[in-house]
Amino acid sequence: MDKKAQRKRGVRADRKKLEHALFEAGFRTQAALAEEIATAENLESAPKDMVNRVFREIAVSPSSIERIAAVLGVEAYTLYLTSDTRPNIQPQPAEFSPPNNNKKLKYLLLLSLIVILLVLALTTADTIDSTNIRNTPNTALSSDELLNQQYQNVISKGIKPAIALYGAKDQRHILAEVRESLKNQFNVVPNTLTNTPESILFSQEIARKQIDFIYVLNSRGYGRHTLQHGHVYGKKLSLLVTQDIYLTKELKNNVNEISAVITNDIKSIFVANLPSRRHNFIGLTAAKFYVEGLDLLEKSYNLEYVKTAQSRFLNALQIAPKFADAHAGLCQAYIYESWSSDERYLLEQATKHCLAAKQLAPSKPFVVASNALLMRRTGNTEQAISLLDSFANKNAAIYYQLSYAQLEGYQKNVPQLTSLNVAKENIKKAIALDTSNWKYHFFLGVIEWNDGKRDLAIAATEKANTLDVNDIVLTNLGTLHYCAGNIEQAKQHYQTIINYNPNSYLPVEQLSTLYYFSENYNKAIELREKAIELAGDAGIHQMWGVLADMYATNEQQQQAINTYQQALAVLDRDYARGNQSEIDHAFRFYYTSRIELLTASEQIKPANKLKTIEQLSQSERLDLAATVRLGLLFQYFSPSSDSDNKYLNRAIAKCPIYKYTPAITAKNTNI
C-alpha cells in the first residue's frame, strides 16, 4: 500500500553556525544554553529537548530558533541551514571488501572505542563544569559579575581597559556620543560601523584588536517602531545590557537621551552603585513578538491584522507571562475584534488581560491607555477621563485616549465638557509628540467634523491618508467629499478601497448610501446587505437602521420592521454596557417611531411626537445623522411645515447631499 510522503513544516538551523555562536556567547554545552533560556524566559525547567532538536538540524518552529538566537545574542536568520551551507554529499554505492588484516581491524576498533570514551568523558566534564558555574548558589558567578571581574583584573594591572563599539551606519551619531561618555573608564577605539554587526565574530575581534571588551548595538525596525538591543562581549562571555523600543524617528531626534541610556547600561556592569535595567528585560524573543504585535495593532482597521497581533502578544506571553505591555496589547486587540465578533466573550478576555497588565505595571503609559480604552468600550467614559487626566507622565497614547474619551463624554452630556475645545487641544498634543501616527490626524478630523469644521476635517483626514492609506481613512475622505457635493471624488476613494481590499465592508456600505440618495433602492439594499455580511456580526446600530430605511422606502414593510428591531437590539446591547449618548436617544426614538408608522397597532399622536422631536433637538451634541432622522420625522408629522424644516435644513447646511434623503412613507393611518 503506497504511503504519501508528508512535507515536514518548519525550518532547520545549521549545527556549525550554532556551535560557533554557542562558543562566542560563552557557553560550553547545550545544557548550559538551555539553562540560560530558562533563566531568560522565567521557565520552571530548561527546554533541553527543544535545544537538542535544533542542534540536531531537525525541522522546528521558527520561534524555537528565535529563542536560542535571543540568548546567543545573534539574529535568528544567521543560524538557518541554507543551501550554501548544506554539505553536498552524493550517495555512493555500498561496497564490501573482506579485511586482509584482522589485527589491524582489531586495533582500529579498539582505538575508536577509546576515542568515544574520551569524548563522553569530556562532555560529562563540560556538563558538570557548566552546572557548577551557573546553578550552584554558593560559588556561581553571573555573566555580569564575570565581566566585572575581567574589568577589575585589567584595572589591577594599572591598565585602562579597552573597548570597541560596533553598530550599523545609521547609529553612528548615537555611538559617537557613547564613545565620548566612556572615555574616563575606557580606552575607546574608533567605532566600527557595519550593516551586519550580528555577523562579526567578536571573540576573534577581541583577540585581533587586543582589546578587552566589545559593545554591539543592534536594531530592527517593525513599521514605525524599532527594537534596539545591545550586548557587551568579554572573553568568552556576552551579556544583554540594552533593550528598548523606540519610535524610529526618535533614533535621530533623541540622540543625546538614547546615548546616555546606553552609556549607563555599559557602565552599570563595571562601575559600582550604578542602577542596572537588566533585571527588567523580558528577553529578546518576547520583545520581538511584542513589537510585531504593536505594529499590527496600529493597523486595527483590518481584522486579520488584529487577529495576527493577538497571536504575537500571546507568543510573547508564552515566553514572558509577566510581560505587562503584552497583556495590555492583547487587551486592545480583543477590544478591536469585539466590534465584529462575539462581543461578550472578547470583552471578557480584554478585561482579563487589562487587569493582569494593571496588576503587573499600573504606572506604565501603555497599560494605562489600554485600561482607559476598555473603560470607554464598556461605557465608563467618566472613569476613563479621570484616569487619563490624573496620569502624570502623559505621552501621545495617553493624550489620544483622553481626547477620544472627552469627545464621547461631550456626546454623553458630561457636565464639565461643554465644548470640543479641550478634546481638540489634547489630540493636538498627541500629534505634537508623535507626528507620524495616522490615527491621531484621523481623529483630529473626526473632532473637526463634529465641531462643524468640514474643511479642517478634510485637511486632517488627508494628512492621515499620507501616513497610512487604509479603509477607514479613505472611507471618511469619501464621505466628507460627498458631503461637500463631490460625488465622483467620493466614488473614486471607495473604488480604491475595493480594488486593494475587496473584503472591506466600508466602501460597500457608503456606495449603498449613494445609490439610496439617487433612488436606486434595489441596488442600495443589495450593497447594504453585502456590507453587513462582510462586517460579520455588525455591532453598529446605524448599519441596520439605514438598511431598514431602505426596506421601508422600497415598500418591503416586514423586512423594514425586523431590521429596525435589530437596530434597537444593538442599541440595547450598548445601553446595557453604559454606552448611551444623546445621539443614541435620538436614534432610539427614530427607530421606534418608524416601527409604529409601519404597523397599525396603536394610535399615534403627532403633537406628542413633535414635542419629543423638539426636546431631543435642543442638544448641540447631536451629529448630522441623528439630526436628519429628527428632520424626517418632523417632515412627516408636520407636513405643513415642509418649507421650514429647521432640522433638515440644519443638516443640509453642513452636508448638502442630505437634501436627497428620501422622505418617510408609512402604512399606518391611525394618526
Quiz prompt | Close pairs from the range 550-566: first touching a residue at least 60 places away in the same chain (Cβ under 8 Å), partner in a helix (DSSP H, G or I), Cβ under 6 Å, at least 6 apart | solution = A552/A560; T553/Y521; Q557/L598
Exercise. Determine whether R594 is modelled with pLDDT of 85 or more, basic (K, R) and touching a Phe, Trp or Tyr at 6+ places or on another chain (Cβ under 6 Å).
Key: yes
Practice problem: Considering every residue within the range 238-245, establish whether at least one is modelled with pLDDT under 90 and over 27 Å from the mean Cα position of the chain (by Cα). | Solution: yes
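Suppose we filter A350, A397, A356 for residues that are under 21 Å from E425 (Cβ atoms) and among the small types (G, A, S); which single one remains? Working first, answer last.
Details: A350 fails: under 21 Å from E425 (Cβ atoms); A356 fails: under 21 Å from E425 (Cβ atoms).
So the residue among A350, A397, A356 that is under 21 Å from E425 (Cβ atoms) and among the small types (G, A, S) is A397.
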Self-check item: So A607, is it surrounded by fewer than 19 Cβ atoms within 10 Å (Cβ to Cβ) and either closer than 23 Å to L480 by Cα or among the hydrophobic types (A, V, I, L, M, F, W, C) (or both)
Solution: yes
Practice problem: Could you check how many residues of the range 593-626 are assigned to a loop (DSSP other than H, G, I, E, B), within 21 Å of A552 (Cα to Cα) and polar (S, T, N, Q)? | Solution: 3
Practice problem: Could you look through the range 612-655, keep only residues that are modelled with pLDDT of 85 or more and among the polar types (S, T, N, Q), and pick out the one that is farthest from the chain's Cα centre (by Cα)? | Solution: Q635
Quiz prompt | Conditions (1) closer than 29 Å to H173 by Cα; (2) at pLDDT 95 or above; number of the one not met by L297 | solution = (1)
Quiz item: What is the residue count in the range 387-417 for residues that are assigned to a loop (DSSP other than H, G, I, E, B), more than 20 Å from the chain's Cα centre (by Cα) and more than 19 Å from N579 (Cα to Cα)?
Solution: 4
Quiz item: Where in the range 509-588 are the helices (runs of 4 or more DSSP H), entirely inside, with at least 2 residues that are on the phi < 0 side of the Ramachandran plot and surrounded by fewer than 18 Cβ atoms within 10 Å (Cβ to Cβ)?
Solution: 521-535, 557-576
Practice problem: State whether the residues of the range 579-587 include one that is at pLDDT below 90 and over 20 Å from G409 (Cβ atoms). | Solution: no
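The values are calculated or read from the model by the stated rules, or taken from the named source; none is laboratory data. Just so we're clear, the structure is a prediction, and the values are computed from it rather than from any experiment. Reconstructed Cβ throughout: ideal geometry from the backbone, glycine too, with neighbour counts over all protein chains shown.
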